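A.B. asks: Sharing a structure, written as C-alpha cells. Questions coming.
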Amino acid sequence: MPQYFLSLPHDSNEEPTMENMDPAELQQVMAEVGAFNTALMEAGSFVTAGGLQPPSTAKTVDYSGDSPVVTPGPFVKADEYLGGFWIIKAENDDVAIEWTKQASRALRSRVEVRALQEEPA
C-alpha cells in the first residue's frame, strides 16, 4: 500500500513549540490529534508521526567530500519550515487527502500531503 508524508509547515519568523502554546488550547489540540492518531491506528494506516524542534536547533552534516562537515542551523533558509509530520498508509491519493483533512482540522493548521516514492518495479 502506498505511503504518504503529511507535513506541518510553520512560519520561520516564529518558532512555535508546545511550551509556547496556551495550555488550554494545547490540551484541546493534543486531544484532537490523539483521536486522529487513534483513528489512523484502528484503520491500519498509521506508520509513524512526530513533532520537530525548531530549525534553530538543527545541525547540517555534509559528508560529500573527503571528511564530514557539521554546520549549526538548517541546510536551507526559507519562509517556512517543517514543524512535524505523519507517515501514513492509504490506498490512493483520495484516501490520503481525506486523512489529511482530518489532520488539518485537528491541528487547526495547514497540512501538506505527498506520496513517498516507491521502488521501481
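A.B. asks: Give the longest segment of the chain that steers clear of trypsin sites (Lys or Arg not before Pro) in DSSP loops with at most 11 neighbouring Cβ atoms within 10 Å, not counting the sites themselves.
C.D. replies: Values: sites that count: LYS77, ARG108.
Answer - 1-76.
A.B. asks: Which GluC sites (Glu not before Pro) does the stretch 1-95 hold that lie in a coil by DSSP with at most 13 other beta carbons within 10 Å?
C.D. replies: Those that pass, being in a loop and sparsely packed, are GLU14, GLU91.
A.B. asks: Another one. At what distance in nm do the modelled label points of ILE87 and GLU32 sit from each other, each positioned 7 Å from its Cα along Cα→Cβ?
C.D. replies: Placing both labels 7 Å along Cα→Cβ, they lie 2.7 nm apart.
A.B. asks: May I pose another question? Hey, quick one: spin label on SER56, modelled 7 Å out along Cα-Cβ, who in the stretch 73-104 has an amide N within reach, i.e. under 13 Å?
C.D. replies: 73-74
A.B. asks: When only DSSP loop residues count, what chymotrypsin sites (Phe, Trp or Tyr not before Pro) in the stretch 67-121 have their Cβ near at most 14 other Cβ atoms within 10 Å? Let's see the in-between values first.
C.D. replies: Details: sites: PHE75, TYR81, PHE85, TRP86, TRP99; in loops: PHE75.
Loop-located and lightly packed - PHE75.
A.B. asks: Give me the dipole magnitude in Debye, nearest 20, for the chain about the Cα centre, with unit charges on the beta carbon: positive for Lys and Arg, negative for Asp and Glu.
C.D. replies: Values: 8 positive and 19 negative charges, 19 e Å.
Once rounded to the nearest 20, the dipole reads 80 debye.
A.B. asks: Compute the orientation-averaged projected area for the chain from the convex hull of its Cα atoms and round it to one decimal in nm².
C.D. replies: Details: hull surface 38.7 nm².
Approximately 9.7 nm², given one-decimal rounding.
A.B. asks: How far apart, in nm, are the 7 Å Cα→Cβ label points at ASP94 and ALA39?
C.D. replies: 1.8 nm
Each reported figure results from applying straightforward, stated rules to the coordinates on display, with no laboratory input. Remember, it's a predicted structure, so these values are computed and weren't measured experimentally. All Cβ positions, glycine included, derive from the backbone under ideal geometry; neighbour counts span all protein chains shown.
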